[in-house]
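Colleague: Following this message is one structure expressed as structure tokens.
Readers should treat all values here as calculations from the given coordinates under stated rules, not as data from a laboratory. What you are looking at is a predicted structure, and each value in this text was computed from that prediction instead of being measured. Glycine also receives a Cβ, built like all others from the backbone with ideal geometry; neighbour counts cover every protein chain displayed.
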Amino acid sequence: MTSERTLLLVKPDGVQRRLIGIILSRIEAKGYEVVELKKLTATAELLSEHYAEHRDKPFFPDLVDYMSSGPIIAAVIEGHRVVEGVRSLCGATDPTTAAPGTIRGDLGCDWGTGNIENLVHSSDSPESAAREIGIWFGKD
Ligand code: UDP
Ligand code: MG
């Protein structure tokens, strides 16, 4: 088996709603392994690095406010084809249209705040995963 790693974040809304266990349980039940785990409140600097591709988007300031509004769970998840597997478990960005059966589709809701609060982040490619794991857990 060729193993791969991805970064999963339980965002502040997921932590605040007491969904850490349910979310990690879905990842583990699928068959993936949680190999690193920590709880922290992200700074604007860390989020600016993590979301570098979105720095110039109009929603970026609100995204930083949302993501720094409370503690986050950061996890490194390991398994064969885990990057695409965890993306698939998380579901589409918009919780209203995310497919039922996914974390965002089953547990996420648009509260009408203007922010897309969608409980989780997961890396979108092996290259993003390596970059993001370095940001949240430090480079090996
Ligand atoms: N986001 C937002 N408004 C938008 C697009 C994205 O608030 O119009 C937030 C949302 O929380 C999303 C994050 O920014 O999860 C990153 O956006 P991306 O398009 O990369 O979605 P993801 O990869 O998280 O599905
Ligand atoms: Mg993304």
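Colleague: Starting from the eigenvalues of the Cα gyration tensor, five times each then square-rooted, give me the equivalent ellipsoid semi-axes of the chain, largest first, whole Å.
Modeller: With the √(5λ) rule applied to the chain, the semi-axes are 21, 19, 14 Å.
Colleague: So if R0 is 30 Å, what FRET efficiency would VAL34 and HIS54 give, r being the distance between their Cβ atoms, rounded to the nearest 0.05?
Modeller: Plugging the Cβ-Cβ distance into 1/(1 + (r/R0)^6) gives 0.70.
Colleague: Moving on. Within the chain, which DSSP H helices have Cα atoms that stretch 20 Å or more along the helix axis and a mean Kyte-Doolittle hydropathy of at least -1.0?
Modeller: Length and hydropathy pass: none found.
Colleague: Grab the DSSP H runs of the chain that are 4 residues or longer, score each as -39,500 (n - 2.57), total them, divide by all residues and round the 222 nm result to the nearest 500 deg cm²/dmol.
Modeller: -11000 deg cm²/dmol, from helical runs alone.
Colleague: Let me ask something additional. Subtract the Cα-Cα distance of SER128 and ASP94 from 0.36 nm times their separation in residues, and report this length gain in nm to one decimal.
Modeller: That works out to 10.2 nm of additional length.
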